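Since the structure comes first, as structure tokens, the remarks are kept for the end.
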Amino acid sequence: MKLLVQLVLWVVIAFLGYKVYDSVYSSVRFQQVKEQRFALAVQQLKDIRRSQQAHKVVTGKYARDFNALAKFIDTAKFTITQRRDSSFTRYDKAFRIDRSVDTVVVDILGYESVKDSLFKNSDAYQKLSEIKLSEDKVVNIEMKTSVVEKNEILYPVFIASIPKRSLLYDQPEQYLAEEDEVESLDEINGPEIFVGSLEEINTNGNWPIVYDK
């Protein structure tokens, strides 16, 4: 009887030990998966931001969708300029004297392909709308554009975002629920990872500085 009790106790101890180990390991595994996939998402959003900023430099506005953005990258060119200070003399009729006038002259030196500047030797710009997590799992990114009025002037704005749950589709629900509510300087807060804004004139991302290293 005493031996049976001891065996039962050892089984219980072993089971509890396994549960503790599994709980700790599961948390570590989730953290590793999360950091890897979030890093992929942040890099993709950075590429979208660079592409949209280039589009705005050349056209004065942001691309309305990913197809328009890809077409722009494929065909557009940056104008390479050089600014130099210059001056000339102008006769001032009011004072009847010659006055020196300072000015800036902008010289066009040439043109550079947007594609070569941003995605040289790469066709990644054609798939900015998606993140490939595996051979059979692709997650889509949503992008919207609008305008914000400030001092009676309309400014173009955009936002690109992806839900955390889409990136962590195969992870335990308990961790997903916690991730939705996370608030930390070292974490990506909220249920989405995004860059840009439809309410403010900025192209910031909501990720911490650790993702920029």
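The values are calculated or read from the model by the stated rules, or taken from the named source; none is laboratory data. Note that this is a predicted model, so its numbers are computed, not measured. Here the Cβ is made from the backbone with ideal geometry for all residues, glycine too, and neighbour counts use every protein chain on show. Ligands, DNA and RNA are excluded from the accessible area calculation, which covers all protein heavy atoms including side chains. Shrake-Rupley method; radii C 1.70, N 1.55, O 1.52, S 1.80 Å.
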Checklist entry - Taking the range 55-78 on its own, how many of its residues are among the hydrophobic types (A, V, I, L, M, F, W, C) and either under 18 Å from ILE162 (Cβ atoms) or at pLDDT 95 or above (or both)? => result 7
Checklist entry - In the range 149-171, how many are more than 21 Å from LEU45 (Cα to Cα) and open to solvent by less than 50 Å² (accessible area, probe 1.4 Å)? => result 1
Next on the checklist: List pairs: first residue in the range 152-167 and farther than 23 Å from GLU35 by Cβ and modelled with pLDDT of 95 or more, second residue small (Gly, Ala, Ser) and open to solvent by 10 Å² or more (accessible area, probe 1.4 Å) anywhere in the structure, Cβ distance under 6 angstrom, at least six positions apart or on different chains.
Outcome noted: VAL157/SER146; ILE159/SER197
Checklist outcome for this item: Within the range 184-213, the count of residues that are on the phi > 0 side of the Ramachandran plot and open to solvent by 50 Å² or more (accessible area, probe 1.4 Å) comes to 0
Item to check | Residue that is under 15 Å from the mean Cα position of the chain (by Cα) and modelled with pLDDT of 90 or more, where the choices are GLU200, GLU130 | outcome: GLU130
Next on the checklist: Every residue in the range 112-142 that is in contact (Cβ under 8 Å) with a residue 40 or more places away in the chain and of a type in the set (D, E, K, R), please.
Outcome noted: LYS115
Checklist entry - Can you name the residue in the range 173-187 that is outside any loop (DSSP other than H, G, I, E, B) and of a type outside the set (Gly, Ala, Ser) and is also farthest from ILE162 (Cα to Cα) among such residues? => result GLN174
Item to check | Condition broken by LYS144, with the remaining ones in (1) in a helix (DSSP H, G or I); (2) at pLDDT 95 or above; (3) within 16 Å of the chain's Cα centre (by Cα) satisfied | outcome: (1)
Checklist outcome for this item: Filtering the range 29-82 down to residues that are surrounded by fewer than 14 Cβ atoms within 10 Å (Cβ to Cβ) and outside any helix (DSSP H, G or I) yields GLY60, ARG64, ASP65, THR79, ILE80, THR81, GLN82
Checklist entry - In the range 108-141, what count of residues is obtained for those that are surrounded by fewer than 16 Cβ atoms within 10 Å (Cβ to Cβ) and either hydrophobic (A, V, I, L, M, F, W, C) or not in a helix (DSSP H, G or I) (or both)? => result 19
Checklist entry - Taking the condition within 19 Å of THR59 (Cα to Cα) and in contact with a helix residue (DSSP H, G or I) (Cβ under 7 Å, 6 or more places away or on another chain), does THR203 pass? => result yes
